[in-house]
1. Quick check on region 200-217: of everything there that is touching a residue at least 60 places away in the same chain (Cβ under 8 Å) and in a loop (DSSP other than H, G, I, E, B), which residue is farthest from Ala170 (Cα to Cα)?
2. Give the residue, chosen from Leu93, Leu102, that is touching a Lys or Arg at 6+ places or on another chain (Cβ under 9 Å), over 18 Å from Thr153 (Cβ atoms) and in a helix (DSSP H, G or I).
3. Scan region 235-258 for residues that are under 18 Å from Asp207 (Cβ atoms), touching a helix residue (DSSP H, G or I) at 6+ places or on another chain (Cβ under 6 Å) and either part of a strand (DSSP E or B) or among the polar types (S, T, N, Q) (or both) and jot them down.
4. Taking only region 69-93 into account, find how many residues are under 26 Å from Leu138 (Cα atoms), touching a residue at least 40 places away in the same chain (Cβ under 8 Å) and either outside the structural domain of Ser152 (by TED's automatic domain parsing) or not polar (S, T, N, Q) (or both).
5. Select from region 295-320 the residues that are among the hydroxyl-bearing types (Ser, Thr, Tyr) and in contact with a helix residue (DSSP H, G or I) (Cβ under 7 Å, 6 or more places away or on another chain) and write down the one among them that is nearest to Pro248 (Cα to Cα).
6. Within region 278-307, work out how many residues are in contact with a Pro (Cβ under 6 Å, 6 or more places away or on another chain) and at pLDDT below 95.
7. Hey, can you tell me all the residues within region 118-151 that are under 14 Å from the mean Cα position of the chain (by Cα), within 24 Å of Ile311 (Cα to Cα) and in a helix (DSSP H, G or I)?
8. Given Thr318, Thr292, which one is within 16 Å of Asp90 (Cα to Cα), in a loop (DSSP other than H, G, I, E, B) and among the polar types (S, T, N, Q)?
Amino acid sequence: MLFGRPSTHLITEFAMSLSEQFSRLTYHSLGDAIRSVFRFGVRALSSTGSALGSYAVLPLDHRAVVSPTSGEFVYGQVRRRIAEQDAVYDTLLRAMSPHTSLAKTIIQQEAQNETTPFWDNAYFHGNDASAAWALTALMRPRLIVEIGSGNSTKFFRHAIEYHGLSTRLACVDPAPRAEIDAIADEIHYETVQRTSTNVFTSLEPGDILFFDGSHLVVQGCDTQYVFLEILPLLPKGVLVHVHDVNLPYEYRSFYNSRLYGEQYLLAALLLFSPDWKPVLPVYWLEKTGRLTATEQPAASFWITNDLDFLIDRITTATAATH
């Protein structure tokens, strides 16, 4: 099993490498090689590493170990937990509505330059982008920390400047796009695992942590590090975003070859933590008709560890505009 998005060239090169190795093996060494592959995976063979590059290869005991379910499959217990907060979503959507409508009016469909946001991008768009813009306007955070950067950074910066906020925008990204230098106030050119935890503990109630990383749950990855090491450190009242989430549904078939596992950690957090609550499950809100679905389905899921604080903050912000 490959983690990643292998091209035809990669698969062909890998197959040729494997074939060449087996053709040179004696009967005795062939048996050893097969046993090694079953025990340690394809990388146990000497020259497949160059063909596979940075792809992770996992040995499976049986083909039924991984049997992707339909993207319409619903995790019943997760749906029940998400549905418990329906009143919160309705309150938040009403408060966000003037801001999301404004964003759709003033932000262009096509790219105007390298630093301003636009709707017709392939990564952060539609209800995901308008929600981030609106939440920035509503929450007026002191600090936004992004793990990963890109189009979302542009939407955050636009909201900050349009509303005249003093919000600082910090990005944790080992290889950000060049234009992010002109957008972020602070960039940590490293992985989240190597970033000082002070970056995250400096977040305060009403601030935002925006996570859009590898989405993989594999030894050494950023996903489990954020869930197991960063989220427990956050002060109460921080608003957290996780991207590429379809809960309570299974991942859409679009993600099948990527083998993402992040939303399963998120589901476990919501099911078993007494503190963390769903705030805005955007894909779910599209599926249930409370948000108008766009051509590219939403994938944002917002949570918080102090729901009462969030509701008070939104209520105060809404009252101030009337």
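The values are calculated or read from the model by the stated rules, or taken from the named source; none is laboratory data. Because the structure is a prediction, the values reported are computed rather than measured. Positions of Cβ are backbone-derived with ideal geometry, glycine not excepted, and every protein chain shown enters the neighbour counts.
1. Within region 200-217, the first condition is being touching a residue at least 60 places away in the same chain (Cβ under 8 Å), and the residues that meet it are 203-213, 216.
Add one more test, that the residue is in a loop (DSSP other than H, G, I, E, B), and what stays is 203-207, 212-213, 216.
Working: Leu203: 11, Glu204: 14, Pro205: 16, Gly206: 15, Asp207: 12, Asp212: 14, Gly213: 15, Leu216: 23 Å.
Going through the qualifying residues, I end up with Leu216.
2. Values: Leu102 fails: touching a Lys or Arg at 6+ places or on another chain (Cβ under 9 Å).
The match here is Leu93.
3. Answer for region 235-258, where residues must be under 18 Å from Asp207 (Cβ atoms), touching a helix residue (DSSP H, G or I) at 6+ places or on another chain (Cβ under 6 Å) and either part of a strand (DSSP E or B) or among the polar types (S, T, N, Q) (or both): just Val242.
4. Of the residues in that region, 7 qualify.
5. Ser300
6. Final tally of qualifying residues: 0.
7. Across region 118-151, the qualifying residues are Asp128, Ala129, Ala132.
8. On the way: Thr318 fails: in a loop (DSSP other than H, G, I, E, B).
Criteria check complete, one pass: Thr292.
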